[in-house]
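Just so you know, all these numbers are worked out from the coordinates, no wet-lab data involved. What you see is a predicted model; the values in this text were computed from it and never measured. Cβ sites come from the backbone with ideal geometry, for glycine too, and all protein chains shown count toward neighbours.
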Amino acid sequence: MHWLTKILAVFAAVLSILLAALSIAYSANADRITSQFQSERLAKEEMRTQLQAERAAQAGRESSLQGQIDDLEVQSREMRRDKELLQREQGRLLAEAKTAEAATLAIQSRIDQLAATGQTQASLIETMYDEVARLRQNELTFAQREVQLADRVNDLSAQLEVAMESNRALQERLADLRRQLDTGTAVASSGRDARDRVHSPVTARVTNVRRDPASGAIMAQIDAGTSDRIEPGMELTISRENRFVAKLVVETADLNVASGRIDTLNRGGDVRRGDLVTFIR
């Protein structure tokens, strides 16, 4: 065989080897490239899916943000409206504060006037109290004087009654003397002494005071009786320190003791043991 042919055959063999190696390399690279291409395609699809998801999420976020923006705008409008309302309320409150301050000043002025009026009234009340106290003191003084005058009147009444009794006794004695002069009867000195004793005043003392359980009347007993010319039915005068106290209407009389009913003549006299009893006959 010709050497050229051999060279060509060698070249052909080498080329076939190279071609086989290239074919193997191509096949390996084609599978790798195909695999990478598939991987890249899948990655692209995934990235596209992620991008769509991100776009959807971004759209959702943008929608949410837009909603938040809308809410914030609504809140902003409401806040501006509230601000306007608060400003109007502030103006109204300021006006009311000024009105309240003016009212406070007026009330303080009224309080000052009332305080001055209260002080004036207190002074008037104190003056009236002093005047009432003086009037009450004067009334008490007048009452005491009235009591004293009443006691004086009672004393004078007792003295008048004693004087009237004495006058009545003197009139009876004068009438007796006139009768004796008319009849011409002579009276001995012993007879005159007896008449003087008959017409002399009788004095006694109250020895006991009690209340009658049957009639409820106040009864008194004296230390004089029939020996002193005391008889039932007589009215004796009871006095104390020259003041009239009451009358004693004799109901029973013994020799040296007599008792009877007390008559105060509506003067409220209080009969006591030791009071003086007088009678002229």
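Annotations for the structure displayed:
- In this structure, the amide hydrogen of Met234, modeled 1.01 Å from its nitrogen in the peptide plane, lies closer than 5 angstrom to those of Val250, counting only residues at least 5 positions away or on a different chain.
- Long-range HN-HN contacts of Val257 with modeled amide H, under 5 Å: Gly225, Thr226
- Dividing the C-alpha radius of gyration of the stretch 201-281 by 2.2 N^0.38 Å, with N its residue count, gives 0.97.
- Neighbour net charge for Val132 - beta-carbon separation under 15 angstrom, K R +1, D E -1: -2
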